[in-house]
Amino acid sequence: VESLMDLAVNSAHTVSGRIAREELDSYDENYAHRPRTQTQRELEREFEALSKNGKFDWSFDRVAAGYARPDWQLQNDLLSFYKGRFESGLSRHRAAIQDLKNHRSAYPQSAFADRALYYLGRSAYLDDQDSLAITSLTRVADSSRDTALANQALELLGLLYMDRHRPRDAAIVLQRWVDRSRDLPSRPDALWRLGWALWETEDFRGARQA
């Protein structure tokens, strides 16, 4: 069981991982015994492996199955967040917006709160709900203790403003990203995007310096 669990969690995005998952899910039927309940940390690792490899359809199916399992009832906070996150990944943005709003309402102190707000902002941006997107992403950038997530929010805000032909607003948030990216691998991208925004404002000297 432990070998199957390790494969299902850490290689969830592979065919082997999916086969291991199916074996675990049918364990009680095949052997008249249900293996141990998956921990929240294991579920999170599994979902993150699926997310990072773009397996949002597999991920969404796993969340739907989780809601139907009595032994997963204590994981509703996690399931609620990932349901919205995977809908965002599947470009079901209106559904994602509603589910992530529901998550924030039901679990205001959740460990997933900042990420839920980020994906709420992402889906709002992609659904042309700019006010909600700007409010959500700005809160993540201003308040999150996760530096990488806060920088991702600033990057996405910059893209939003550039898409909406607001390069001056883009330059402000992208400058924040540059300032917070010192000694980070993302700094060259931040500088490039800042230079682009400054060029669009006709600050050619600033663009060259960036």
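The values are calculated or read from the model by the stated rules, or taken from the named source; none is laboratory data. Please read these numbers as outputs of a predicted model, since none were measured by experiment. Here the Cβ is made from the backbone with ideal geometry for all residues, glycine too, and neighbour counts use every protein chain on show. Ligands, DNA and RNA are excluded from the accessible area calculation, which covers all protein heavy atoms including side chains. Shrake-Rupley method; radii C 1.70, N 1.55, O 1.52, S 1.80 Å.
Considering only 50, 30, 201, the residue lying farthest towards the positive end of the dipole of the chain is 201, judged by Cα position with unit charges set on Cβ.
Summing Cβ point charges (Lys, Arg +1; Asp, Glu -1) relative to the Cα centre of the chain gives a dipole of roughly 580 debye.
Size descriptors for segment 163-210 (Cα atoms only): Rg and Dmax, in that order, 10.1, 30 Å. A straight chain from residue 106 to residue 73 at 0.36 nm per residue would run longer than the Cα-Cα distance by 10.4 nm. A quarter of the convex hull surface defined by the alpha-carbon atoms of segment 120-185 gives 4.2 nm² as the mean projection.
Rolling a 1.4 Å probe over the protein heavy atoms of the chain, with every protein chain left in place, gives an accessible area that is 47 percent carbon and sulfur. Summing charges over all other residues whose Cβ lies under 15 Å from the Cβ of residue 49, with Lys and Arg as +1 and Asp and Glu as -1, gives +1. Can you work out the base-10 log of I(q)/I(0) for segment 1-93 at q = 0.17, 0.18, 0.19, 0.23 1/Å, using the Debye formula on its C-alpha atoms alone? Cα-only, vacuum Debye calculation for segment 1-93: -0.69, -0.78, -0.87, -1.25. Round to a whole angstrom and tell me the spacing of the C-alpha centers of segment 98-145 and segment 80-96. Taking the Cα centre of each part, segment 98-145 and segment 80-96 sit 12 Å apart. The residues 58, 199, 177, sorted by heavy-atom accessible surface at 1.4 Å with ligands and nucleic acids left out, run 199, 58, 177 from largest to smallest. Against the main long axis of the alpha-carbon atoms of the chain, helix 167-179 sits at an angle near 70°.
What is the magnitude of the charge dipole of segment 1-69 about its Cα centre, with +1 placed on the Cβ of each Lys and Arg, -1 on the Cβ of each Asp and Glu, and no other charges, expressed in debye to the nearest 20? Don't skip to the answer; put the middle values down first.
Working: 10 positive and 13 negative charges, 36 e Å.
Around 180 debye, computed over segment 1-69.
Placing pseudo-labels 7 Å out from each Cα toward the beta carbon at residue 180 and residue 163 gives an inter-label distance of 2.0 nm.
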